[in-house]
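Beneath this line is the structure, given in structure tokens, with notes to follow.
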Amino acid sequence: MTTKKLQYERPVIQKLNTGVMNKFGTKTEYKPVTHIDDNSVKDLIEKFGSPLFVISEKSIRDTYHNANRAFKNRYPKVQFAWSYKTNYVNAVCNVFHQEGSWAEVVSGFEYNKALQNGVPGNKIIFNGPDKSEAELTLAINNDSLIHIDHLDELYLIKEIANQSKKRPRVAIRVNMDTGVYPMWDRFGFNYENGQAWDAINKIMLNDKMDLVGLHSHIGTFMLAPSAYGIAAAKLSDLAIAIKKKYKKNIQYIDMGGGFASKNTLKGSYLQGVDTSPTFDQFAEAITTSILNAGFTENELPLLILETGRALIDDAGYLLGTVISNKRLSDGRRATIMDFGVNILFTSFWYDHKISPAQEFGQYTEDAVLYGPLCMNIDVIRENITLPPLMRNDHVVVHTVGAYNMTQWMQFISLRPAIVMIDTKNIPHIIRNRETLNSIQGDEVMPKHLKDFKL
């Protein structure tokens with residue numbers, strides 16, 4: 001009988017380091033992540049290839065229910081609108097739509113995706129500074145909610161309305177000082193300097209469109225619920241002033257998105273799981289401001305949330321494989337993975353949690369985690385403590401559901417497949433791995449360049 005030879009582990013002198021503090025104390029152990037929703041990481045990679053994005057449908061639904069509960073327990077009229085730019089893979093979008101979420105889009109491309117997914121036109125919110133005349137006309141004909149970003153857009157909508165039998169339903173995007181800097185004042189109309197009132201007056205006195213809402217989006221990865229409370233108070237004051245001046249009830253207040261996920265920002269001393277506010281904290285700040293603003297009971301506006309990152313980030317994983325190890329000139333261990341910043345764009349912002357996907361020994365070592373691209377900036381983690389990973393070992397990158405599947409790029413290597421594990425723990429392909437044909441499908445070769453001799 002033959003016995004399996006144990007893998008050699010070189011002896012090391014390990015300095016004692018209790019690690020980063022969290023609310024439970026110091027980090028003293030590392031645990032492998034061998035399964036996602038009862039599916040073996042190894043089996044997923046063998047079946048669908050490496051690298052591989054995996055999305056947990058159960059996690060999406062649980063997170064959505066948590067957010068929905070937090071707001072509806074505090075306010076009688078709440079509506080979520082899924083942020084397509086955060087992750088516009090159709091299967092992901094439809095999970096949110098099945099849960100009752102409208103669609104929030106920022107381009108004609110996303111608008112048409114929402115229509116093709118079956119979202120009714122009157123349940124699509126059209127944001128963003130770049131809306132063409134044809135896109136605005138389509139949105140008006142579909143009775144969509146159009147959030148005006150600048151005066152040129154306002155005038156264009158007026159021109160379309162003059163030639164149309166339909167009255168556009170519009171809101172204005174309002175930027176304001178919420179105590180968080182730098183201000184996001186490049187979008188919309190400023191509250192403090194009177195730009196917002198200028199836009200409101202132009203809409204109300206023209207009588208070609210219906211001002212039905214007020215919208216703000218104060219920033220991204222926001223860690224201060226109080227800032228949303230300030231924004232909600234200012235939008236409420238604006239809505240009440242419009243009622244007083246024009247006898248017009250504002251139907252909804254849209255607080256946009258920007259809630260932080262549980263990721264850890266680069267340079268942060270504490271980990272995101274300990275510092276990011278909960279949905280209850282955001283909901284408390286926003287709803288308290290609106291309820292205390294002075295609306296009568298029958299005039300309370302609908303509260304719309306365009307939450308993206310905080311709803312999807314935790315549901316996303318990236319599975320990958322070790323290509324090789326080497327020593328840098330300064331002696332540090334360098335581990336090269338088969339995925340890089342081309343598909344993990346958020347590694348520029350976050351120190352993603354990365355777990356080995358197989359059992360390991362007691363030793364750990366500080367290392368640099370690189371991707372496979374021929375670029376020096378292809379760094380997944382500048383410094384991470386992991387057990388020594390061998391060639392063909394696997395890892396799991398956590399909290400990658402937001403933006404990586406919309407901001408990824410086809411560069412040097414083809415983009416991977418995306419798998420969704422359903423609520424019964426069955427994996428489904430929701431986007432195929434790219435091929436050379438799918439990349440070259442839109443290329444056109446001029447006739448005079450087709451032939452050559454070497």
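Highest mean first, the peptides 296-306, 79-89 sorted by other C-beta atoms within 10 Å per residue fall in the order 79-89, 296-306. P356 sits among other residues whose Cβ lies under 9 Å from its own Cβ, and their net charge, with Lys and Arg +1 and Asp and Glu -1, is -1.
Remark: the N292-D330 segment gains 7.7 nm on full extension, using 0.36 nm per residue and subtracting the alpha carbon distance. Here the relative contact order of segment 57-313, from alpha carbon pairs under 8 Å that lie six or more residues apart, stands at 20 percent.
Among L223, F282, Y269, whose Cα projects farthest towards the positive end of the dipole of segment 57-313, with charges put on the beta-carbon of Lys, Arg (+1) and Asp, Glu (-1)? The listed residue farthest towards the positive side: F282. Beyond 27 Å in Cα-Cα separation lie the following of the pairs K85/K123; K72/K245; K166/K202; K77/K353; K202/K243; K123/K262: K72/K245; K77/K353; K123/K262.
Taking 4 °C and 1.567 mPa s as conditions, segment 57-313 diffuses translationally at an estimated 70 µm²/s according to Stokes-Einstein applied to its Kirkwood radius (Cα pairs).
Roughly how many debye, to the nearest 20, is the charge dipole of the chain about its Cα centre, given +1 on each Lys and Arg Cβ, -1 on each Asp and Glu Cβ, and no other charges?
My answer is approximately 320 debye.
A dipole drawn for segment 57-313 from +1 and -1 charges on Cβ atoms has a positive end, and of P168, N127, G257 the residue lying farthest that way is P168. When the Cα positions of N392, L300, G331 are compared along the charge dipole of segment 260-402, G331 comes out farthest toward the positive end, with charges on each C-beta of Lys, Arg, Asp and Glu.
Computed extension length for M183-Q281: 33.1 nm, one decimal, from 0.36 nm per residue of separation with the Cα-Cα distance subtracted. Measuring nothing but how far apart in sequence close Cα pairs (under 8 Å, 6+ apart) lie, relative to its length, segment 160-276 scores a relative contact order of 24 percent.
Less than 5 angstrom separates the built amide H of F80 from those of W102, L305, all sequence-distant by 5 or more or on a different chain.
Ranked for footprinting exposure by Cβ neighbours inside 10 Å, fewest first, K453, K165 give K453, K165.
Take the Cβ atoms of K266 and S226, set R0 to 30 Å, and the FRET efficiency comes out at 0.80. Between K244 and N376, the modelled labels are 6.0 nm apart [label points 7 Å from Cα along Cα→Cβ].
Shown is the FRET efficiency for N73 and D43, computed with R0 = 56 Å from the Cβ-Cβ distance and rounded to the nearest 0.05: 0.90.
Overall, segment 104-181 carries a charge dipole of about 420 debye about its Cα centre when +1 sits on the Cβ of Lys and Arg and -1 on the Cβ of Asp and Glu, all other atoms neutral. Each peptide in 345-358, 102-115, 268-281 was scored by the mean count of other Cβ atoms within 10 Å over its residues; highest first, the order is 102-115, 345-358, 268-281. DSSP beta bridges fully contained in the chain are about 45 percent antiparallel.
Overall, segment 175-247 carries a charge dipole of about 260 debye about its Cα centre when +1 sits on the Cβ of Lys and Arg and -1 on the Cβ of Asp and Glu, all other atoms neutral.
Laboratory data are not the source of any read-out in this text; all were calculated from the coordinates shown. As the structure is a prediction and not an experimental result, all values here were calculated from the model. Glycine gets a Cβ as well: all are built from the backbone with ideal geometry, and neighbour counts include every protein chain shown.
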